[in-house]
Amino acid sequence: MKGLLFSQMEPPPGWEDDFKDWYESEHIPARMAIPGFESAVRYAAIDGEPAYLACYFLDDLAALETPEYRRLKSEPSERTARMLRSVNGFTRYTCCEISDTGPAPAEATVLSVVAFNVPVADEDEFEQWYAGEHVSLLMQADGWLRVRRYRTLPGHDGPPWTHLALHELRDESAMDSPQREHARSTDRRNRLARHSWFARSGRWLYRPIHAAVGAHAGTRT
């Protein structure tokens, strides 16, 4: 089953250079060496906090049960332990993939992240809206390149989000498109918007700043 590791954080003041070097020379490469880790992208916030996001895309969630990954978690380097003790705004979620519209036809320069804490009683209505209507309407917008949706798994660090959506955009202009305006004004969406949990959704805009490909990407048979 495909999945996602989703982690937000920001370094203490004055640690920016060390934080960047740690993430891009140690933290991401150590994970990209493990089978099942397909790719990773690191992002910086355009709007919202925390300031940085890392997404690790897994072609198999079983990668998280391998001895190699368990060792990374249980025996972090001194630098990793120091960094994780010191960062602010830390969140971490393990997620299973619900849907994917497919590879983006062009390079995305913006990632729109949306998170919901959907009550069990409203899940069917939520899915009918998001899967049955919302994604298809957004994908009609010029510059709306890809939508990947996830359900979070138990054991997270952060607010109790149950669903995450990653929207890859060619640029920020897609956020002002008439197609997005229409997608946000349908009857189904308006009915859901009356729920208090809907108003408490998480929303962030990020720009990609670093990408890596897994050493074993494309080798599954």
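The numbers here are math on the coordinates, done by the rules we state, and not lab data. Being a predicted model, the structure only gives us computed values, none of them experimental. Cβ coordinates were reconstructed from backbone atoms using ideal geometry, including for glycine residues, and neighbour counts include every protein chain displayed.
Secondary-structure-derived ellipticity at 222 nm for the chain, considering helices only, amounts to -6000 deg cm²/dmol, per-run term -39500 (n - 2.57) for DSSP H runs with n ≥ 4.
Using alpha carbons only, what's the Rg to Rh ratio of the stretch 125-200 with Rh from Kirkwood?
0.99
Once both labels are positioned 7 Å from their Cα atoms along Cα-to-Cβ, the gap between A81 and T109 label points is 4.3 nm. Taking a ≥ b ≥ c as the square roots of the Cα gyration tensor eigenvalues, with a/c under 1.5 meaning rounded and otherwise prolate when a/b beats b/c, else oblate, which class fits the stretch 20-124? Rounded, because the longest to shortest axis ratio a/c is under 1.5. Run the Debye formula on the Cα coordinates of the stretch 76-166, all scatterers equal and no solvent, and tell me log10 I(q)/I(0) at q = 0.19 1/Å. After summing over all Cα pairs, the log10 values are -0.98. Full extension of the chain between V213 and T66 gives 51.0 nm of extra length, using 0.36 nm per residue less the Cα-Cα distance. Measuring r between the beta carbons of D171 and E123 and using R0 = 22 Å, the FRET efficiency lands at 0.10.
Take the Cα of N88, go 7 Å toward its beta carbon, and the backbone nitrogen atoms of the stretch 20-49 under 15 Å from that spot belong to 45, 48-49.
When the alpha carbon gyration tensor of the stretch 85-138 is reduced to an equivalent ellipsoid, the three semi-axes, largest first, read 24, 21, 10 Å.
Using Cα-Cα distances under 8 Å and only pairs 6 or more residues apart, what relative contact order does the chain have, in percent? Normalised by residue count, the contact order of the chain is 32 percent. For W144, neighbours were defined as the other residues whose beta-carbon sits under 9 Å from its Cβ, and their charges (Lys and Arg +1, Asp and Glu -1) total +1. On full extension, the segment bounded by L153 and H182 gains 7.3 nm, given 0.36 nm per residue less the C-alpha separation. Site-free segments of the chain were taken between trypsin sites (Lys or Arg not before Pro) in DSSP loops having at most 14 other Cβ atoms within 10 Å, sites themselves excluded; the longest one is 1-183. Assign one of three labels to the chain, namely rounded, prolate or oblate, based on the Cα gyration tensor with a ≥ b ≥ c the square roots of its eigenvalues; rounded applies when a/c is under 1.5, prolate when it is not and a/b is larger than b/c, and oblate otherwise. Prolate shape, in that a/c is at least 1.5 and a/b is the bigger ratio.
Paramagnetic label reach from D18 (point 7 Å along Cα→Cβ; backbone nitrogen cut-off under 12 Å): within the stretch 64-95, residues 79-87.
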